[in-house]
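Here's the structure we're looking at; comments come further down.
No lab work stands behind these numbers, since they all come straight from the coordinates. These numbers were taken from a predicted model, which means no experiment stands behind them. Please note: Cβ atoms are built from the backbone with ideal geometry, for glycine as well, and neighbour counts cover all protein chains shown.
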Amino acid sequence: MAIDRQATGLTILRICIGIFFVFEGIGKLGWLTDRSMLAEQLRSWSQVASAGSLSHRYLERIAIPGVSFFARLVPLGELVSGAALVAGFQTRLFAFVAFFMALNFQFASGVLFKYSFLTSGYGLPVLGSTLALTLAGSSRRKAQSFKTRTKL
């Protein structure tokens, strides 16, 4: 019996990035009852961002006014996405949700177009992993399809 290396590689990636998001969500559970933690982070990013920059406008028009909503959505989104990725449930969908959340944080913090984005473990590796899973789909489904083909 041959091992499907691509499916195995995607499974490892899916589980590892899923665990990452689960623990990111656990770390933000306090936001559910205290939005001030997120509000302070957003305010500090806004103060550092160049006035008129896309990040500054995003923070001032969307993120800061919606802090009560995002303080609840982000931890739940990270926990659910992470758990779904670990379980292999709707991999493409939840990988995209995780990608979108991570992209929002990178954009809001203003590091998306800086050198530090390329050297941060929260930047390119997370966005690349989630985008790869969004495009590649579930390795579980591919493994099942491989088993079906070999039985025929």
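Details
- When restricted to Cα atoms, segment 5-146 yields an Rg and a Dmax of 16.1, 53 Å, respectively.
- Pairwise centroid distance, computed over Cα atoms, of segment 12-68 with segment 72-123, Å: 11 Å
- Inter-site label distance for L73 and R57 at 7 Å from Cα along Cβ, in nm: 1.9 nm
- Net lengthening on full extension, L118/D34 (0.36 nm per residue, minus Cα-Cα): 27.1 nm
- For the chain, the relative contact order comes to 32 percent (Cα pairs under 8 Å, sequence separation of at least 6).
- Listed by Cβ neighbour count within 10 Å, with the fewest neighbours leading, Y115, Y122, Y58 appear as Y115, Y122, Y58.
- Rounded to the nearest 500, the 222 nm mean residue ellipticity of the chain from helices alone is -24000 deg cm²/dmol, with -39,500 (n - 2.57) taken per DSSP H run of at least 4 residues.
- Calculated FRET value between Q90 and Q41, using beta carbons and R₀ = 41 Å, to 0.05: 0.90
- For S36, S109, the sequence from fewest to most other C-beta atoms within 10 Å is S36, S109.
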